[in-house]
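*Asks:* This is the structure, below, for whatever I ask next.
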Amino acid sequence: MSETVAWIVAGLAVVFLAGLGAYAFTLWKEVRRREAFKREEVERANQQCLASLDAIARSMISRQVDLVEGSMRCKVLLEIIDPALLQRDSFRVFGDVHERTEHLHTHSARKELSLKERLDEDRQRITVEEEFETPLIEAAQGVLTFKERWPESPR
């Protein structure tokens, strides 16, 4: 192989490697952009959940919403933010209420029940609400405290 051919091959290798480097850099920038977008989306979702939690907790405290219904909604929203939150002592009651009421019908399935079945389920909800009233109000107050401390709250 002549010296000229070797230089041409070396030059092509350098150009090829530079092209691969530029492509790798472009991919790296795209990954960083997507990671930033994902972080922003998660933060936006968390802010929406926190706003909903605030409204629900305040409604529970002022008794403007059924405590069992409020508890179910708080549980779902806390799970969206971080499922580990339900392991906190202050929020564990939401999971306890869910376990006791998850078999009850909601929405359109509730409408399909007979009057007797609906009344029976209402009695079950009232029993759970009476049993957990104080812990649910305390948990709702805990939600407000958690929201005020976000994002500094330990997760």
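The values are calculated or read from the model by the stated rules, or taken from the named source; none is laboratory data. Here the structure is a predicted model, which is why all the values come from computation and not from measurement. Counting neighbours? That spans all protein chains shown, and the Cβs are built from the backbone with ideal geometry, glycine included.
*Asks:* Collect the residues in region 80-96 that are basic (Lys, Arg) and either crowded, with 16+ Cβ neighbours inside 10 Å or over 18 Å from Val128 (Cα atoms) (or both), keeping them in residue-number order.
*Replies:* The initial filter retains those residues of region 80-96 that are basic (Lys, Arg), namely 88, 92.
The one that is basic (Lys, Arg) and either crowded, with 16+ Cβ neighbours inside 10 Å or over 18 Å from Val128 (Cα atoms) (or both): Arg88.
*Asks:* Considering region 1-49 alone, what residues qualify as being outside any helix (DSSP H, G or I) and either polar (S, T, N, Q) or in contact (Cβ under 8 Å) with a residue 24 or more places away in the chain (or both)?
*Replies:* From region 1-49, those outside any helix (DSSP H, G or I) are 1-2; that's our starting set.
Ser2, the sole residue that qualifies.
*Asks:* Same structure, new question: Out of the helices (runs of 4 or more DSSP H) lying entirely within region 76-155, which hold 2 or more residues that are in contact with a helix residue (DSSP H, G or I) (Cβ under 9 Å, 6 or more places away or on another chain) and closer than 17 Å to Leu50 by Cα? Outline the logic, then answer.
*Replies:* On the way: elements: 92-101, 107-111, 115-149.
Where helices (runs of 4 or more DSSP H) fall fully within region 76-155 and carry at least 2 residues being in contact with a helix residue (DSSP H, G or I) (Cβ under 9 Å, 6 or more places away or on another chain) and closer than 17 Å to Leu50 by Cα, they are 115-149.
*Asks:* Which is of a type in the set (Asp, Glu), at negative phi and in contact (Cβ under 8 Å) with a residue 60 or more places away in the chain, of Glu138, Glu129?
*Replies:* On the way: Glu138 fails: in contact (Cβ under 8 Å) with a residue 60 or more places away in the chain.
Going through Glu138, Glu129 in turn, the sole match is Glu129.
*Asks:* Find the residue count for region 8-43, including only residues that are within 30 Å of Ile80 (Cβ to Cβ), more than 23 Å from the chain's Cα centre (by Cα) and of a type in the set (Val, Ile, Thr).
*Replies:* Qualifying residue count for the region: 1.
*Asks:* Condition first: part of a helix (DSSP H, G or I) and at pLDDT below 95. Now tell me which residues in region 50-67 satisfy that. Let's see the steps before the verdict.
*Replies:* Our first condition is that a residue be part of a helix (DSSP H, G or I); within region 50-67, this holds for 50-61, 67.
Answer for region 50-67, where residues must be part of a helix (DSSP H, G or I) and at pLDDT below 95: there is none.
*Asks:* Regarding Arg63, is this residue surrounded by 15 or more Cβ atoms within 10 Å (Cβ to Cβ) and either touching a strand residue (DSSP E or B) at 6+ places or on another chain (Cβ under 8 Å) or basic (Lys, Arg) (or both)?
*Replies:* Details: surrounded by 15 or more Cβ atoms within 10 Å (Cβ to Cβ): no; either touching a strand residue (DSSP E or B) at 6+ places or on another chain (Cβ under 8 Å) or basic (Lys, Arg) (or both): yes.
Considered against the rule, which asks whether it is surrounded by 15 or more Cβ atoms within 10 Å (Cβ to Cβ) and either touching a strand residue (DSSP E or B) at 6+ places or on another chain (Cβ under 8 Å) or basic (Lys, Arg) (or both), Arg63 comes out as no.
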